[in-house]
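Only one structure is covered here, and it is reproduced in the block below.
The values are calculated or read from the model by the stated rules, or taken from the named source; none is laboratory data. Keep in mind the model is a prediction, meaning the values are calculated, not measured. Cβ coordinates were reconstructed from backbone atoms using ideal geometry, including for glycine residues, and neighbour counts include every protein chain displayed.
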Amino acid sequence: MANRIIYITDNDMRRLRELIIVAREFGKEDERYLQELENELNKGKVVKPQDIPPNVITMNSEVYLRDLNTKKEITYRLVFPEHADASQGRISILAPIGTALLGYSVGDTIEWKIPAGIAKLKVGKILYQPEAAGDYHL
């Protein structure tokens, strides 16, 4: 993941910090994934939900992506672990790709390490962002 500032709503920041604490307390998640998420949150610029640009990926956003290595087009919704279902395109924030997506914007290229090398996804479009839709309770 690139070293740069990402934008995160204060609601998402609070809930994600709580998620990390609870996951560590109960040992339900791999520490490596929790540390990666924590690193991303530490880089985050916190903004009010009403102030986040509509082209930024937030929790529960649905995004259209293009894999720059395979040219495959995919759609994912970034969700909390309890709502994850890869077969439905719902990707957990604790999955490496989920952590990589948070806070990036339309037009950005997201890179992260995978066993086969470096995965590269370009954010093509945000199909749904809760904050842009006025859904601040998600």
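Side notes on the structure shown:
- Those residues of the stretch 85-104 which are in a helix (DSSP H, G or I) and within 19 Å of Glu131 (Cβ to Cβ), in sequence order: Gly98, Leu101
- Residue list for the stretch 105-120, filter: without any contact (Cβ under 8 Å) to a residue 40 or more places away in the chain, charged (D, E, K, R) and either in contact with a Ser or Thr (Cβ under 7 Å, 6 or more places away or on another chain) or not in a loop (DSSP other than H, G, I, E, B) (or both): Lys113
- Qualifying residue in the stretch 25-34 (condition: modelled with pLDDT under 90, under 28 Å from Ala133 (Cβ atoms) and acidic (Asp, Glu)): no
- Condition check for Glu82: touching a residue at least 12 places away in the same chain (Cβ under 8 Å), of a type in the set (Asp, Glu) and either surrounded by fewer than 22 Cβ atoms within 10 Å (Cβ to Cβ) or assigned to a loop (DSSP other than H, G, I, E, B) (or both): no
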